[in-house]
Amino acid sequence: MKNKYWKGAAVENIGPAHIRQNISMQDANRLCFFKSGFIAVVSDGLGSKTHSDFGSNVACKIFIKYSKKWIRKTKKSPDRFINNFHKYWVHVIEKSGYKIKDCSATLLGVVCNGKEMFLFRLGDGMIVCLSDNQNILVSDKKNGSFSNITKCLGNVNSREDWQYLKINIKFIKSVFLCTDGISDDLENSCEIDFVQDMSDRYRDYSCKQIKLDMKQWISNWPVPRHTDDKTAIFITKRGNV
């Protein structure tokens, strides 16, 4: 998938534990390119919730749909985006007949309009933006914490649970989003290097080659006894150096 300025791919792999238990993949993702920018989103359904796979898929579909409208607005309010996105997600879940509490999911989203980039995070996983100026890491690793509570989409929408960043894309080279099935297995301080290796390797790759290579390493994840679903999206500027 690509446009004149960006190229990239999205891949996913169901966790070994879900295969053994005959459980649907609970991660979801969407990647959409348009004339000068892109929209990327990944969502991880909470494993303890009965219909979290439905919740994560709905979250990704709505994020893409609403972002396309929001990005055309002259004044872009992140608070309004977050509130309206949540209301829309709740509406679709309730209309389906499922209970909100059974569809909980995290969300990581990036919206790029060709001039600016908007990052949204609710819950775990990570977003990395490689830059000629300053690299950006957005994550929710609970270092030194015994808390196992994951912030997620649910009945109540707390703005304090969301992280939002607006950045100029002038110096951005590559963007990477992934669920915690990948980010939690990366050692602290290694996240940037992990994405930098991809950026260097995929510089001259076609979108098809990027997808095939990502699918290969995500399907052969080297961490022993890993069980979780894994989802990743990588986008890089065409002609990235």
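Ser158 - would you say it is touching a helix residue (DSSP H, G or I) at 6+ places or on another chain (Cβ under 6 Å) and either of a type outside the set (A, V, I, L, M, F, W, C) or in contact (Cβ under 8 Å) with a residue 24 or more places away in the chain (or both)?
No.
Any chance region 24-36 includes a residue that's modelled with pLDDT of 95 or more and among the aliphatic types (A, V, I, L, M)?
Scanning region 24-36, I find at least one residue that is modelled with pLDDT of 95 or more and among the aliphatic types (A, V, I, L, M), so the answer is yes.
Are there strands (runs of 3 or more DSSP E) fully within region 113-213 with at least 2 residues that are touching a Phe, Trp or Tyr at 6+ places or on another chain (Cβ under 8 Å) and modelled with pLDDT of 95 or more? List them. It would help to see each step written out before you state the result.
Working: elements: 116-122, 126-131, 136-139, 162-168, 172-178.
In region 113-213, the matching strands (runs of 3 or more DSSP E) lie at 116-122, 126-131, 162-168, 172-178.
Pull up region 214-241, narrow it to residues that are open to solvent by 60 Å² or more (accessible area, probe 1.4 Å) and assigned to a loop (DSSP other than H, G, I, E, B), then point me to the one that is farthest from Phe171 (Cα to Cα).
First pass over region 214-241, keeping only residues open to solvent by 60 Å² or more (accessible area, probe 1.4 Å): 215-216, 220, 222, 224-225, 227, 238-239, 241.
Narrowing the set further to residues that are assigned to a loop (DSSP other than H, G, I, E, B) leaves 220, 222, 224-225, 227, 238-239, 241.
Values: Asn220: 32, Pro222: 32, Pro224: 37, Arg225: 38, Thr227: 36, Arg238: 13, Gly239: 13, Val241: 11 Å.
The residue in question is Arg225.
Please enumerate the residues belonging to region 22-43 that are more than 24 Å from Lys115 (Cα to Cα), polar (S, T, N, Q) and within 13 Å of the chain's Cα centre (by Cα). Reasoning before the result, please.
Looking only at region 22-43, we keep the residues that are more than 24 Å from Lys115 (Cα to Cα), and these are 22-28, 43.
Those left that are additionally polar (S, T, N, Q): 22, 24, 26, 43.
Result: Ser43, single match.
Would you mind stating whether Leu186 is hydrophobic (A, V, I, L, M, F, W, C) and either open to solvent by less than 10 Å² (accessible area, probe 1.4 Å) or under 17 Å from Ala10 (Cα atoms) (or both)?
Numbers: hydrophobic (A, V, I, L, M, F, W, C): yes; either open to solvent by less than 10 Å² (accessible area, probe 1.4 Å) or under 17 Å from Ala10 (Cα atoms) (or both): no.
No: the conditions fail for Leu186.
More than 20 Å from Leu186 (Cα to Cα) and either more than 18 Å from the chain's Cα centre (by Cα) or not small (Gly, Ala, Ser) (or both): does that describe Asn135? Lay out the reasoning, then the answer.
Details: more than 20 Å from Leu186 (Cα to Cα): no; either more than 18 Å from the chain's Cα centre (by Cα) or not small (Gly, Ala, Ser) (or both): yes.
No: the conditions fail for Asn135.
Looking at region 27-38 only, could you name the residues that are surrounded by fewer than 23 Cβ atoms within 10 Å (Cβ to Cβ) and either without any contact (Cβ under 8 Å) to a residue 40 or more places away in the chain or not basic (Lys, Arg) (or both)?
Within region 27-38, Asn29, Arg30, Leu31, Cys32, Phe33, Phe34, Ser36, Gly37 meet the criteria.
Return the only residue of Leu46, Leu107 being open to solvent by less than 20 Å² (accessible area, probe 1.4 Å) and either without any contact (Cβ under 8 Å) to a residue 24 or more places away in the chain or under 16 Å from the mean Cα position of the chain (by Cα) (or both).
Working: Leu46 fails: open to solvent by less than 20 Å² (accessible area, probe 1.4 Å).
After applying the criteria, what remains is Leu107.
Going through Arg159, Arg121 one at a time, which residue ends up being surrounded by fewer than 17 Cβ atoms within 10 Å (Cβ to Cβ) and among the basic types (Lys, Arg)?
Values: Arg121 fails: surrounded by fewer than 17 Cβ atoms within 10 Å (Cβ to Cβ).
Selected residue: Arg159, the only one of Arg159, Arg121 that is surrounded by fewer than 17 Cβ atoms within 10 Å (Cβ to Cβ) and among the basic types (Lys, Arg).
Has region 182-203 got any residue that is in contact (Cβ under 8 Å) with a residue 40 or more places away in the chain, more than 20 Å from Asp27 (Cα to Cα) and hydroxyl-bearing (Ser, Thr, Tyr)?
Yes, the conditions are met somewhere in region 182-203.
Within the bounds of region 117-125, is there any residue that is over 18 Å from Arg30 (Cα atoms) and either touching a helix residue (DSSP H, G or I) at 6+ places or on another chain (Cβ under 7 Å) or among the hydrophobic types (A, V, I, L, M, F, W, C) (or both)? Please lay out each step first, then the result.
Within region 117-125, the first condition is being over 18 Å from Arg30 (Cα atoms), and the residues that meet it are none.
Looking for residues that are over 18 Å from Arg30 (Cα atoms) and either touching a helix residue (DSSP H, G or I) at 6+ places or on another chain (Cβ under 7 Å) or among the hydrophobic types (A, V, I, L, M, F, W, C) (or both), one finds none in region 117-125, hence no.
Considering each of Ile62, Ile100, Ile19 in turn, give the residue that is of a type in the set (A, V, I, L, M), open to solvent by less than 40 Å² (accessible area, probe 1.4 Å) and over 19 Å from the mean Cα position of the chain (by Cα). Break it down stepwise before answering.
Working: Ile62 fails: over 19 Å from the mean Cα position of the chain (by Cα); Ile19 fails: open to solvent by less than 40 Å² (accessible area, probe 1.4 Å).
Among Ile62, Ile100, Ile19, only Ile100 is of a type in the set (A, V, I, L, M), open to solvent by less than 40 Å² (accessible area, probe 1.4 Å) and over 19 Å from the mean Cα position of the chain (by Cα).
Quick one: which of Asn57, Asn83 is under 30 Å from Lys170 (Cβ atoms), touching a residue at least 12 places away in the same chain (Cβ under 8 Å), among the polar types (S, T, N, Q) and open to solvent by 10 Å² or more (accessible area, probe 1.4 Å)?
Numbers: Asn57 fails: under 30 Å from Lys170 (Cβ atoms).
The conditions single out Asn83.
Just name the residue that is farthest from Asp132 (Cα to Cα) out of those in region 197-213 that are of a type in the set (Ser, Thr, Tyr) and open to solvent by less than 40 Å² (accessible area, probe 1.4 Å). Steps first, answer last, please.
Within region 197-213, the subset of a type in the set (Ser, Thr, Tyr) is 199, 202, 205-206.
From what's left, open to solvent by less than 40 Å² (accessible area, probe 1.4 Å): 199, 202.
Values: Ser199: 13, Tyr202: 17 Å.
Applying the filter and picking the extreme gives Tyr202.
The values are calculated or read from the model by the stated rules, or taken from the named source; none is laboratory data. Treat the numbers as computed from the prediction; the structure is a model and nothing was measured. Quick reminder, even Gly has a Cβ in these numbers, built from the backbone with ideal geometry, and neighbours come from all protein chains shown. With ligands, DNA and RNA removed, areas are computed over all heavy atoms of the protein, side chains included. Shrake-Rupley method; radii C 1.70, N 1.55, O 1.52, S 1.80 Å.
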